[in-house]
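Have a look at the structure below, then the notes.
The values are calculated or read from the model by the stated rules, or taken from the named source; none is laboratory data. Fair warning: this is a prediction, and the values are worked out from it, not measured in the lab. Every residue, glycine among them, receives a Cβ derived from its backbone with ideal geometry; neighbour counts consider all protein chains shown.
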């Protein structure tokens, strides 16, 4: 999946954090919710502008970010 189709960084929206295009929903928020155990159905029900493709794009974005930067070790994450 090409996450760039669904994700943008705009300094005027959430201080430039990656968000889903046309929304104020950050990729970080959705990944945090998924990590907290929310199901895709719960997320889609809670955020009307969120689509299945956005969730897939969030995973693709995270994978791309991890592979593009220096190695991140689990014990370094706060």
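Scanning the range 1-46 for residues that are without any contact (Cβ under 8 Å) to a residue 24 or more places away in the chain, crowded, with 17+ Cβ neighbours inside 10 Å, part of a helix (DSSP H, G or I) and in contact with a helix residue (DSSP H, G or I) (Cβ under 8 Å, 6 or more places away or on another chain) gives 33, 43.
Among the residues examined, residue 65 qualifies as at pLDDT below 95, surrounded by 13 or more Cβ atoms within 10 Å (Cβ to Cβ), assigned to a helix (DSSP H, G or I) and out of contact with any strand residue (DSSP E or B) (no Cβ under 8 Å at 6 or more places or on another chain).
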